[in-house]
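Below is one structure, written out as structure tokens; the observations come after it.
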Amino acid sequence: MTIGITGPRLRARWRGAVVALIIAAIVVTICLILLGLMSDLLVDWLWFSAIGYLYVFWTTIGAQAGVFFAVFVATAIILWLNGSLASRFALPPSTQRPADFEWILTGVATPPDLRKFMHQRLPWPLVIAGGAGLLSLLVAWGEVHNWGVFLRFLYHVPYGANDPLYNNDIGFYLFSLPAYVVIKNWILLSLLLSALFAGAVYWVHGDIEVNAPGRLMSPTAIAHGSVLLG
């Protein structure tokens, strides 16, 4: 006698739970970010209002919002693109029946293979979009403090003296070079997160096998990783 827990009911429960967790994580992250912003905003608003420099306060807010939005959108596009490509070009699903719970006469449930279960039951477009959005929120929140660097870059002026080695205006090292360094660091962080994000998708789909005796990665995963490394 075998009782199988199969069918669309279990699949719908898993998808609903995953979507709910993704939405809850994004909402909690946004609330924490807004809470931290509001405390600083209130103090700054009271201070600049008291000394009569409220326009400086609004300039600061606009710069922070611009940096946050630009970094969030750019990072989300990069992560979503890599995750979607990994999901699209990964190995096709196994021809075996998805791992379902089966009850045998002893009353002990045979647990499913977690990767196969995740591969075939999770709504991958929503998972990839939600994961990319959540990681992008964290990256954008970490880059907000560089708003002053970009303001100095946008409104830089010549210093009036050149360095003796490269004959560049010293203003380049004071205003432009720090912005280039910040952008370079963000690109490296985005590529690292993209590799980890795509690697997780490939691992769930079976393209990366940690304990495999032969090749550990599929040709598709190797090609994707080579492009990111290049």
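Nothing in this text is a laboratory measurement; each read-out follows from the coordinates by a stated rule. Keep in mind that what you see is a predicted model, and the values were worked out from it rather than measured. In this analysis, Cβ positions are derived from the backbone assuming ideal geometry, glycine residues included, and neighbour counts consider all displayed protein chains.
Key figures
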quantity: Under Karplus coefficients 6.51, -1.76 and 1.60, residue-wise ³J(HN,Hα) of segment 66-73 in Hz, glycine/proline x; calculated: x, 5, 4, 5, 5, 5, 4, 5
quantity: Simple spin-label estimate for Tyr55 and Leu138 in nanometres, 7 Å along Cα-Cβ; calculated: 4.1 nm
